[in-house]
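Here is the structure we will look at, set down as structure tokens.
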Number of protein chains: 2
Amino acid sequence: MSMAMTDNEITLAIIQTLKEGKKQTFQELMDELQPYDMACQYKEIPHKHRNKFLIYLSLEHLTEMMQELDKEEQLDVLGKLGIEKSTQVLDLMENDNLASLLADLDQEQIDDLTSEMNREESKVVQNLIKYPKETAGRIMNNRYVWIPKHYTVREAVDKIKHFAELAEYLNYLYVIDEEKKLAGVVSYKDLILAELHDKIEDIMYSRVVKSDVHTDQEEVAKLISRYDFVSLPIVTADDTLVGVITVDDVIDVVIQEANEDIEKLSASGKAIDFNTKPWVAAYRRLPWLILLLFIGLISGGIISGFEDTLETVVALAYFMPMIAGMTGNTGTQSLAVVVRGLVSDDLDMKRVIKLVLRELWVGLIIGVTCGLLISNIAYFWQGSFTLGIVVGSSLFLTLIIGTLAGTIIPLILYKLNIDPAVASGPLITTINDIFSLLIYFGLASMFISKLM
Amino acid sequence: MSMAMTDNEITLAIIQTLKEGKKQTFQELMDELQPYDMACQYKEIPHKHRNKFLIYLSLEHLTEMMQELDKEEQLDVLGKLGIEKSTQVLDLMENDNLASLLADLDQEQIDDLTSEMNREESKVVQNLIKYPKETAGRIMNNRYVWIPKHYTVREAVDKIKHFAELAEYLNYLYVIDEEKKLAGVVSYKDLILAELHDKIEDIMYSRVVKSDVHTDQEEVAKLISRYDFVSLPIVTADDTLVGVITVDDVIDVVIQEANEDIEKLSASGKAIDFNTKPWVAAYRRLPWLILLLFIGLISGGIISGFEDTLETVVALAYFMPMIAGMTGNTGTQSLAVVVRGLVSDDLDMKRVIKLVLRELWVGLIIGVTCGLLISNIAYFWQGSFTLGIVVGSSLFLTLIIGTLAGTIIPLILYKLNIDPAVASGPLITTINDIFSLLIYFGLASMFISKLM
């Protein structure tokens, strides 16, 4: 295949080979494609050619391509393959990918799919599914090479050669002791630079950075990105090596966690992407919107409580959206800083106090600036000095409260082991709405005689 | 050092060795630490011990630790080291890290720092700085191994052994032709599985996935995470290999881009983390808040235009925050879906149309649901059937408009090559505020006789 072929030209060539039944040309085309591109091509060609595409594809390519499809597409392909070939594919799949395919299926479907599989492989995968979602145990895989610590460099190199096909990355070898406990790690670079007769335990690095199977996947991502590792060993409570998490999975975790933070901060509902069906997307977004509808009604209730004040000075309504909006926004700003800060930094009491004091200062600075600005605007627009004072000092107070609420609430949630992003968005909006309206109309009612 | 030592115990041990002047024990302690941990320890110990810490540290450790510090801390350390040692460290630093240290310094400072450096190394780095921010050229490094395509496997393995210390990851070797153009790639796994006398050009993979030096770093991250690569070769327009981008840098890019999206979506201002000073944080947040203040005043202006309506039926004010809030929120939800969808998916016209139609459906579904709900609530709360109809149909209309605005505006910005997150947050809020108030008070004014 010419290196210069565009994706479209490749699609046409693939359809051509399928039509003409040229299996070998088809496979040569596939040899030059990355798994992701095979999956794109498979989805690009007309439905009527897809069965033949799957039949012509070698088992290895089929397995690689499977791992690039989403769950629904995978189940569809497995159905088309028939029980025998699909079992072969499942046996070959990396077990973390297999686990994420099987998770969420009901037991009957799992049994159907795995009934003919290699028993040991199937047991490993079914064990993976038992770990809670988003933990290290759920995303780890067993495609790594381990060696006993009494090996020499020569023995280690021989073992690598033997398992090269199997290992996902060859950067590190994990070293275990007699009880199968993780004892150290050796990089491939170390092996190359050592002498063949050196003992592994003499050249290994024994202070291994590792994670427990129950660690949150976000913590694993933090470790890998902090130390620039390509993989991280995963151990059980008694230090037995049970798997590794590789950097490519960590990128997916980082993207997924960032998306979750954004979903929660923007209250946009879980896992909506370009392919989500309208009913599903609406169903996922509605709970937040209905919650916000009632939050909006609480504000309405507070306003109705100040009906007399508002009837007397209708101009007060003009500044209402601005004050509520600004307070909500400064709260969201602080919230975003805290939530994203936690992605890369750890927190101790000293830092918490420093952070809260910082935000208090920030609140004061923006409160003074915006308060003075709006006082002048309100005075010149409505010609009332008192109105200027009321609007300006309300904004000053609510900005400070909003900033602090946006900082302190997520920190408390984090301390209570609740994801700070999940509850804080709507929570902070409610609290800030209530405070800002109470302060604004409270101050206005106090000065009502001068406002008339 | 005992593997079981806690971070605090290590800190105490370090201070002890520094006090007692035991350089060798100190270096043994350091041998067992990861660069990130060295940096943490350096920042943890009292200031008075830091100079000695730097003096005792070997040049290699010093260089590794430097790369884990932030810019201010790096400049501080370089100052403490003095011109000779700091030049040695700069020579040893990976050139992408060095480039990010030098970027944003003024030319005089750059000249000061690089004056004594290895001329070639310094030139390479100064060239890197010339690439625009957030492009592949700016974050690539030269720590990779390349081989001519006429090499045999044996020659390739010899070259790797020679350059093992230099290469960041040994997963791939990049193959170049006579004109130094990128011709292929060989994985280390391929080398292990091949025969020593095989020719590289026979076993190499020639359809190389690569990026141009001017590609946006976000696109590079998309490629690496899509194909699960450990590194990606970077070429100039004529296909000359000039660097690689490694997966650990990509994780940083993914986190940085996610933070930027969140900053923009929550209008929280650029690059504020736990260590930002209050004045700086306030200064970065204020522009958005002041913008939102004026946006709030536009809403106020619209309300004041309907002063008569509002004076006649004060109850209209009760539903104002809810309608504006809901419209803003559905817009932000759609915006978040589009902005995050673009992180992993590409868009063509077909998908755009599908997406807009999907969001139209979503808008209709949530519009009908929330509209009916609020109609009933308004009717039972205020006892006015007409008010219920006005509030309900306003919400229905504004939710549809809000949803579509939140989808279409970022798509247009994306088409115009403007980052959709940057302008859309405040833009969508403004548009949605204006529409929602105009529709709400417009409808209310039409039915004013029945509302009284």
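No lab work stands behind these numbers, since they all come straight from the coordinates. Being a predicted model, the structure only gives us computed values, none of them experimental. Glycine gets a Cβ as well: all are built from the backbone with ideal geometry, and neighbour counts include every protein chain shown.
Numerical summary
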item	result
Chain B: C-alpha gyration tensor shape, a/c 1.5 cut-off, then a/b vs b/c	prolate
Between helix B:247-265 and chain B: long-axis angle, C-alpha atoms, 0 to 90°, nearest 10	20 degrees
C-alpha long axis of helix B:119-130 to longest principal axis of chain B, angle in °	10 degrees
Estimated FRET transfer efficiency (B:ASP238, B:LYS123; beta-carbon r; R0 25 Å; 0.05)	0.80
Mean-position separation - Cα centroids, the range B:70-120 and the range B:196-238, in angstrom	30 Å
Copies compared at B:GLY82 - label distances in nm, ascending, label defined 7 Å from Cα in the Cβ direction	7.9
Computed FRET value (nearest 0.05) for B:ASN8 with A:GLN16, which takes r as the C-beta separation and R₀ as 60 Å	0.35
Sorted by Cβ neighbour density within 10 Å, fewest at the top, the residues A:ILE323, A:ILE412, B:ILE302	A:ILE412, B:ILE302, A:ILE323
Inter-chain Cβ neighbour average for residues A:273-281, partner chain, 10 Å	6
Order of A:VAL338, A:VAL153, B:VAL244 under a 10 Å beta carbon neighbour criterion, fewest first	A:VAL153, A:VAL338, B:VAL244
Shielding score for A:185-194, defined as the mean number of other chain Cβ atoms within 10 Å	3
Rough spin-label spacing in nm, given labels placed 7 Å along Cα→Cβ, for B:GLU73 and A:GLU134	2.8 nm
Label geometry 7 Å along the beta-carbon vector: A:GLN109 inter-copy distances in nm	5.6
Rounded to 10°, Cα long-axis angle of helix B:420-446 versus longest principal axis of chain B	10 degrees
The range A:94-147: trypsin sites (Lys or Arg not before Pro) in DSSP coil with no more than 12 other Cβ atoms inside 10 Å	A:LYS133
Estimated distance in nm for a label pair at B:LEU347 and A:ASP158, the labels positioned 7 Å out from Cα along Cα-to-Cβ	5.9 nm
Sorted by Cβ neighbour density within 10 Å, fewest at the top, the residues A:THR430, B:THR398	A:THR430, B:THR398
Inter-copy spacing of B:TRP361 label points, which lie 7 Å from Cα along Cα→Cβ, given in nm from shortest upward	5.2
Exposed GluC sites (Glu not before Pro) absent - longest run of chain A, DSSP non-H/G/I/E/B, at most 12 other C-beta within 10 Å	A:196-452
For the A-to-B rotation axis, chain A residue with nearest beta carbon and its distance in angstrom	A:ALA258, 2
Farthest toward positive dipole pole in the protein assembly as shown [+1 Lys/Arg, -1 Asp/Glu at C-beta], among B:ALA136, A:ASN432, A:THR246	A:ASN432
Segment A:ILE45-A:VAL368, length gained on full extension (0.36 nm per residue, minus Cα span)	110.1 nm
Cα gyration tensor, the range A:146-261 - rounded (a/c under 1.5), prolate or oblate	prolate
Inter-site label distance for B:LEU291 and B:SER449 at 7 Å from Cα along Cβ, in nm	4.5 nm
Sequence-separation-based contact order of chain A, relative, with Cα cut under 8 Å and 6+ spacing, percent	10 percent
